[in-house]
Each structure stands twice: as structure tokens, then as C-alpha cells.
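Engineer: Take this structure, written in C-alpha cells, and hold onto it; I'll ask about it next.
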């Protein structure tokens, strides 16, 4: 039985040099099996190795020269991990666990028309699975939210089904044609099933094998019967026309939608291309074509200053009839673009969203000042930041102490057990008013009564080394920003009155000799 007592680990026993191995790698077809076989064949002491040693040697060479990989379907988690390893600054160093935390605290789910309410004005919509998003991560946050809402991936199953149906129809058509021809030749087919023109074609093809008929009066008559139907041209007006393709308006969904706010003409959602959606040239069959909406800050705050919000000139039918087809098509395209922009902007300004998700480099308090009033009561507000300092400021702006000071500023002191609202005198000087307004803006840049229970949290998955007495995170783990979340709940404050403000004082208990109990 062989053992390793006489085994000598000498590099000179390998006759194949590194230069020759590199040449084999360059000249090979990409498979490392040939290189491993030549390395083992050129080893002078391969026979001296035991079975265990030979297996270890083969495994070591396979790991070195035999490259293997596994193809995995791309999802949001894999995309986030891939970008984090290469260009983490483009996604604000957002990790997969933080994406899951955002979707959890924002209550992202697939909404439907069953949870839709109408506001008091009879027009505004409340609920319905609509979320407001401010995304400066290239579309990664939008993709994570869309995945939870089941609108991220294109409908591949429907495409495959339609393709199989078309292939089945195409394969069945030649069989039906051959069956019809065989029935006509054998005389078993019914006359109502075979068209008249097809009968003439079949008989004409069959006359090639029959000898020439006798020259009599019946021959010209027979020839005219066959030639006359084929010579008649088909009327173009009787041809069946294809049904026109239905026009699917973009951003037309009323429930289960994402509305993205952006500072430019177009939102930066470049990472959605990995999921089959291009914002520059969207595909109508993709779910995001109808469920993803985009509004610029200019359209939200000052819609009349945006040129795309202004209605184009309305032309009469006579003028349109006299225009060229290209100009008429451009006119209708402008009208459709204006209708889409007006519909989305008006819907966004009416509010009633189920939640707000912010991942932006802009100042957080300026964003919340404009967007928190658009969230319905009970909606969730989630703000992501790579650093903790901006979110600590938000927690202070929406704290209960700041809320109490804001209420005390709005309502005067108690008089006779009732609350009297503080009135601003109109006789005050403009300079005094300007100073008070400036101080109020500095003290209360946002309305602290709109959000309840602000909290700050984070999550990070770490790989640990678990050994006796040496258990600690891996020292080679990737660093970078920790990443934090600000979460709060939108509430509707009661207007005109405040309940339970201030600290009440109870009666003091009398202590004296007369209050003592005699035994």
C-alpha cells in the first residue's frame, strides 16, 4: 500500500514551466481541462501520490485553472450588490438590507381599486396604492418599490403563450390545406367546404396528367370555365383590413402607481433598463408604462410656468383637413402630451398618496415641507440618508417639544378655561411683521403637527468570523457609509382647537393635627 513517507515535494518534478502554462492558457479554447491534464501528465512523481494526495492535487489545480460561473436571474438585490461593489456613490451607498427596510416602513404593497376613497371635493382620490418618490439613486429605489408592487418585470408568460399560439396556428395551417386538397382530389369533400376558386385550381393541376381532349366544341367551353375565374382581379375594397392598434395612454393607471419627482426635464431612472424598461423609449406592454408617473418640481410648485402644462392651440376640423399628414400627426401628438402632463400634474397636486419615500441629496426639510401635505392621513413617510446628521435635524423639527412650542405660538394662553387664538394686529409696522415672519420661519421651517412618532434607525448585514475566543466581524468587509432611515406617520391635526395642552395642578393634601386619626 502506498503512503506519503517517500513523497518528496520538489518543484523540479514538474517539467512544465509557467511560461508554457501561460501559452496553453492563451492558445486554449477556454476550457481548463486540457491544461490540467497536461500538468498532471508532465509531473514526474504523480505515481508516488496516494489517492487522497492525488485528489487534493487535482482539486487544487481545478480551482486554479478551471473557471466556472453560474448565471442567475437579475433582481433588485443582485443589482444593488453589483453597483455597491463598483460605483456605490451613484446609489448613495444604498444596500439591500436598507432597501428592504424602506419597503417595510413605507408599507409598500400591491394596491388596488378596492381601497380608494374620494375626498370632500368629489374629485381628489385618497389611497389606491399610490406612492410619491424622490429618487436620486438612478432608479434603484424605484425598482425596489416596483418589485414589491408587482409592476417591475415585463409579462414574459403572456408573450410566450401568444408565441406558442401563433406557432400552433402556423403549423396547423399546412395540415388543413393538405387535408382539403386530398378531399377535393378524392371527391369526398363537400362543395360548401371548398371554395370555387380552389376547385378550379385543383382541376387544372390535375389536367396535366390527362391526355389532350378531342378537338370539338366542348373544349373551348371547358377552357373558358377555368380561365375566367382566375383572370378576374380581386377588388381591393373587399379585402379584409387589419384592426387598428389600440392607443394605450402612458401614465394612465389610477391605482398601484409610483409618482417620481425630479428636478430636470426627464427623471434619471437609468437602472430600470436592466428590467426591460427604457424611460426614453418605453414599451407599452411593460407594466411601468402605465403605472410609473413623473412630475418635475417646477410642474408641482409652479405649473403655469412650465411650457408643457400650457394648452396648445386648438385647430378646427377644416384647418386639420387641409394640413399634411405629418403636421396633423404632430398636432395630435402635442395634444396627447399636454393631456398626459395636465392629468398627472393635477392628480399629484391634489395629493392623497399612501406614502412618501425620499432618497435624495437635496435638503430633506425643504422636501418634506412641500410633500408631506400631499400624503393622506395614516400614510408613512420614509427618508433615507447615508449620514445621520440630516435625519437628526428632521427628528428635532418634528419632535414633541417642537410641536408643543408650535401650538403655543399658534394659540394664546388659557383664559377662563377656554383657548383663545392669538390675533395678529394689522396696525403693526411692516418691519416688525417681517422680523416675526423671519423668526417663525427659522424656528419652524416645517409644520411639526403633520407627522407623529418620528424615529431614526438603521440596519446592516455583516459577515462574522466565528471561532472560539476570536468571534468578530470580518476585517476585510467593505466599509462606506452606514445609512440611516427617518420614519414617521402622517396625521391630520384638528383645526381650531387643541386638547390637553399644559400641565394641570391637583389639590394639595392637607396635613395637620386635626387630620390625624385618634387611636
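Engineer: Any residue that is surrounded by 11 or more Cβ atoms within 10 Å (Cβ to Cβ), within 26 Å of residue 479 (Cα to Cα), touching a strand residue (DSSP E or B) at 6+ places or on another chain (Cβ under 9 Å) and modelled with pLDDT of 95 or more - is there at least one of those in the stretch 369-383?
Structural biologist: Within the stretch 369-383, one or more residues are surrounded by 11 or more Cβ atoms within 10 Å (Cβ to Cβ), within 26 Å of residue 479 (Cα to Cα), touching a strand residue (DSSP E or B) at 6+ places or on another chain (Cβ under 9 Å) and modelled with pLDDT of 95 or more.
Engineer: Go through (1) farther than 30 Å from residue 353 by Cα; (2) at pLDDT 65 or above one by one and return the number of the condition residue 455 breaks.
Structural biologist: (1)
Engineer: Here is a further query. Determine whether residue 237 is at pLDDT below 90 and either surrounded by 10 or more Cβ atoms within 10 Å (Cβ to Cβ) or more than 21 Å from residue 144 (Cα to Cα) (or both).
Structural biologist: So residue 237 passes the test.
Engineer: Considering each residue of the stretch 98-125, count those that are part of a helix (DSSP H, G or I) and loosely packed, with under 14 Cβ neighbours inside 10 Å, and give that number.
Structural biologist: Qualifying residue count for the region: 3.
Engineer: Checking residue 95 against (1) surrounded by fewer than 22 Cβ atoms within 10 Å (Cβ to Cβ); (2) in contact (Cβ under 8 Å) with a residue 40 or more places away in the chain; (3) more than 28 Å from residue 352 (Cβ to Cβ), only one condition comes out false. Which one?
Structural biologist: (1)
Engineer: Conditions first: (1) without any contact (Cβ under 8 Å) to a residue 60 or more places away in the chain; (2) within 24 Å of the chain's Cα centre (by Cα). Residue 371 passes all but one, so which condition is the exception?
Structural biologist: Here residue 371 meets the rest and fails (1).
Engineer: Tell me whether the stretch 359-366 contains one or more residues that are at pLDDT 95 or above, part of a strand (DSSP E or B), assigned by TED's automatic domain parsing to the domain that holds residue 142 and surrounded by 11 or more Cβ atoms within 10 Å (Cβ to Cβ).
Structural biologist: Within the stretch 359-366, one or more residues are at pLDDT 95 or above, part of a strand (DSSP E or B), assigned by TED's automatic domain parsing to the domain that holds residue 142 and surrounded by 11 or more Cβ atoms within 10 Å (Cβ to Cβ).
Engineer: Sort out which residues of the stretch 399-421 are within 24 Å of residue 354 (Cα to Cα) and either exposed (fewer than 13 other Cβ atoms within 10 Å of the Cβ) or at pLDDT 95 or above (or both), and write them in order of number.
Structural biologist: Result: 400, single match.
The values are calculated or read from the model by the stated rules, or taken from the named source; none is laboratory data. Predicted, not measured: the structure shown is a model, and the values here were computed from it. Virtual Cβ from ideal backbone geometry, glycine too; neighbours counted across all protein chains shown.
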